[in-house]
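Worksheet for the structure shown next.
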Amino acid sequence: MKLKKLIVIAVLGLITLSGCGNKGETLPENMGNSDGNITNIGSVCEKGDTLYYQNYEDNFSIYKSVNGKDGVKLNDSTSYFINVVGDYVYYVNENSDFHIYKMKTDGSENTEIISQAAYYMTVYGDKIYYVNYDDNQAIYMANIDGSDNKKIVDSTCYYPIIAEDTLFYVDYTNDGKVTKANLDGTSQEVLDDLNNITAAYLNYYEGKLYYVNAVTG
């Protein structure tokens, strides 16, 4: 599956761009993970004194560690794009064709909530945002219970992130230009249409966007 190949690429990006996360920054309660982590497959999420992470020694299933203690296993699936909001962990389950799942932070009530091949999934407020690989990588938005799942950006998109109540993404329908939009996908605006830039690995920090220029040749 093409999505699996992209995960390998993303892991390589994680190795070279592991500093993209905002170390020491407190994540807002209504945001599931930092944009830097989501750009790099969301393999770890820190909430308060608890760290949620992929355990590469156990098939990339999700573990949690409180105050640096030994990790406790939460699920049995190869998991990506870990998000934590309130009492729930949201993640993309490779073993179920990359569908979106949620479970309680103790691992109970583990349930599939969106039956689409998802990537770059992030939870913000009471909404889930993701790139839908079953629909040409358009950006979709749904409620946190998976209901009202709908397309909000009808383009081939990579690296969507949310910052300052704004959606940013790379539009490969438009030569990889960085684009911003309202959280419902309206008012789309290309940020730098004049330069020869094909962007990758979006990140936002203190009012500025950062990215890799993937143009070659």
**Request:** Scan 115, 108, 79 and give me the residue that is on the phi < 0 side of the Ramachandran plot, surrounded by 14 or more Cβ atoms within 10 Å (Cβ to Cβ) and not hydrophobic (A, V, I, L, M, F, W, C).
**Result:** 79
**Fill in**
Only one of (1) among the small types (Gly, Ala, Ser); (2) in a loop (DSSP other than H, G, I, E, B); (3) under 16 Å from the mean Cα position of the chain (by Cα) does not apply to residue 108, and that is (3)
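Let's see how each residue does on (1) part of a loop (DSSP other than H, G, I, E, B); (2) modelled with pLDDT of 90 or more; (3) on the phi < 0 side of the Ramachandran plot:
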{"position": "4", "(1), (2), (3)": "no, no, yes"}
{"position": "9", "(1), (2), (3)": "no, no, yes"}
{"position": "27", "(1), (2), (3)": "yes, no, yes"}
{"position": "41", "(1), (2), (3)": "yes, yes, no"}
{"position": "46", "(1), (2), (3)": "no, yes, yes"}
{"position": "52", "(1), (2), (3)": "no, yes, yes"}
{"position": "68", "(1), (2), (3)": "yes, yes, no"}
{"position": "75", "(1), (2), (3)": "yes, yes, yes"}
**Request:** State whether one or more residues within the range 197-205 are within 22 Å of residue 31 (Cα to Cα), open to solvent by 70 Å² or more (accessible area, probe 1.4 Å) and either under 21 Å from the mean Cα position of the chain (by Cα) or among the small types (Gly, Ala, Ser) (or both).
**Result:** yes
**Asked** residue 136: assigned to a loop (DSSP other than H, G, I, E, B) and either closer than 27 Å to residue 210 by Cα or open to solvent by less than 20 Å² (accessible area, probe 1.4 Å) (or both), yes or no?
**Response** yes
**Prompt:** Quick one: in the range 154-175, which of the residues that are assigned to a loop (DSSP other than H, G, I, E, B) and surrounded by 14 or more Cβ atoms within 10 Å (Cβ to Cβ) is farthest from the chain's Cα centre (by Cα)?
**Reply:** 175
**Asked** Within the range 43-52, is even one residue within 22 Å of residue 163 (Cβ to Cβ), buried (at least 22 other Cβ atoms within 10 Å of the Cβ), out of contact with any Ser or Thr (no Cβ under 8 Å at 6 or more places or on another chain) and of a type in the set (A, V, I, L, M)?
**Response** no
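The values are calculated or read from the model by the stated rules, or taken from the named source; none is laboratory data. Computed from a predicted model, the values in this text were never measured in an experiment. Please note: Cβ atoms are built from the backbone with ideal geometry, for glycine as well, and neighbour counts cover all protein chains shown. Note: areas computed on protein heavy atoms with side chains; ligands, DNA, RNA excluded. Shrake-Rupley method; radii C 1.70, N 1.55, O 1.52, S 1.80 Å.
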